[in-house]
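The values are calculated or read from the model by the stated rules, or taken from the named source; none is laboratory data. Keep in mind the model is a prediction, meaning the values are calculated, not measured. Heads up, the Cβs are rebuilt from the backbone with ideal geometry, glycines too, and the neighbour counts pull from every protein chain shown.
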Amino acid sequence: MTRWLGDRELQAWVRLIAMTELLPGALEQQLKRDSDLSHFEYYVMAMLSEAPERTLRMTTLAARANATLSRLSHVVTRLEGRGFVERVPCPGDKRATNAVLTEAGWATVVAAAPGHVENVRETVLDALTDEQVDQLSAIAGAILTRLDPDGVMTAPYERARVEE
């Protein structure tokens, strides 16, 4: 038997879908305008910027970015062309390839980050009270336990938060 959505559930669902459709465009628009980066390019570079030695195995980076290796490879090729990322053989496994954020890539992320963070604040966080920020985190966490049960996409941030 189908468990249809009630009025409250339907309202919550429609709002969630609307937000997930509109938010990427708002993030993309600001990054393109201010930094000439797509949101995905920025995300890839930001993950590398936070990794030890600004380096991640391509398969790990793909998992954290929720991207196929093919999609990630295309983006890394574009970023390589701009001098922001380079691919190097993995020292521990010659079959694997690492992506490394270059100094130019690091400078680009550092320059792009303030505008991106301000956009995140203006678009999402400033609309919420402190209590709602905690609720948003809890709600997103609950949903992510089903979508990303191993916490691949959020693991580095969860560890950082625990260590604080």
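Structural remarks
- Flag for Asp126 being within 27 Å of Gln29 (Cβ to Cβ) and loosely packed, with under 14 Cβ neighbours inside 10 Å: yes
- Residues of region 79-101 that are loosely packed, with under 15 Cβ neighbours inside 10 Å and in a helix (DSSP H, G or I): Gly81 alone.
- The residues on offer are Ala107, Ala63, and the sole one that is assigned by TED's automatic domain parsing to the domain that holds Leu27, at negative phi and in contact (Cβ under 8 Å) with a residue 12 or more places away in the chain is Ala63.
- Listed by first and then second residue, the pairs with beta-carbon distance under 8 Å, at least 6 apart or on different chains, first residue in region 24-40 and of a type in the set (Phe, Trp, Tyr), second not in a loop (DSSP other than H, G, I, E, B), are Phe40/Val75.
- Here Thr77 does not fit the description of being touching a Cys at 6+ places or on another chain (Cβ under 8 Å) and assigned by TED's automatic domain parsing to the domain that holds Ala26.
- Neighbours by Cβ (under 7 Å, 6+ apart or cross-chain): first from region 144-155, in contact (Cβ under 8 Å) with a residue 24 or more places away in the chain; second assigned to a helix (DSSP H, G or I): Val152/Ala63; Val152/Arg64; Met153/Arg64
- Subset of region 11-43 (residues that are assigned to a loop (DSSP other than H, G, I, E, B) and within 11 Å of Gly115 (Cβ to Cβ)): Leu37
- When region 60-77 is filtered for residues that are in a helix (DSSP H, G or I) and exposed (fewer than 15 other Cβ atoms within 10 Å of the Cβ), the ones remaining, listed by number, are Leu69, Ser70, Arg71, His74, Thr77.
- Filter result for Val44 (surrounded by 19 or more Cβ atoms within 10 Å (Cβ to Cβ), without any contact (Cβ under 8 Å) to a residue 40 or more places away in the chain and not assigned by TED's automatic domain parsing to the domain that holds Asp150): no
- Residue satisfying all of: in region 6-41; among the polar types (S, T, N, Q) and surrounded by fewer than 15 Cβ atoms within 10 Å (Cβ to Cβ); farthest from the chain's Cα centre (by Cα) among these: Gln11
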